[in-house]
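The block underneath contains the structure these notes are about, expressed in structure tokens.
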Amino acid sequence: MKAEYDLSKMKSRRNPYASKLKRPVTLRLLQDVVGYLKGVAAKLARLLGA
């Protein structure tokens, strides 16, 4: 591997997978649902020893 590359000599092309990228999604959750999920995550972390 070279220490430095001259990017001006490289051929560029568009990303063929750009159209298949994931899109962000927003979900509205109630506070009690978030609290429940945090509790489940804490129990799981204790079981895994993390």
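Just so you know, all these numbers are worked out from the coordinates, no wet-lab data involved. All of these numbers come straight from a predicted model, not from anything done at the bench. Counting neighbours? That spans all protein chains shown, and the Cβs are built from the backbone with ideal geometry, glycine included.
Some points to look at:
- Selection of chymotrypsin sites (Phe, Trp or Tyr not before Pro), the chain, meeting DSSP coil and at most 14 other Cβ within 10 Å: 5, 17
- In a reduced charge model with +1 at each Lys and Arg Cβ and -1 at each Asp and Glu Cβ, the chain shows a dipole moment near 280 debye about its Cα centre.
- Long-range tail of P(r) for the chain (Cα pairs > 15 Å, %): 75
- Helix 31-48 axis, angle to the chain major axis (alpha carbon atoms, nearest 10°): 80
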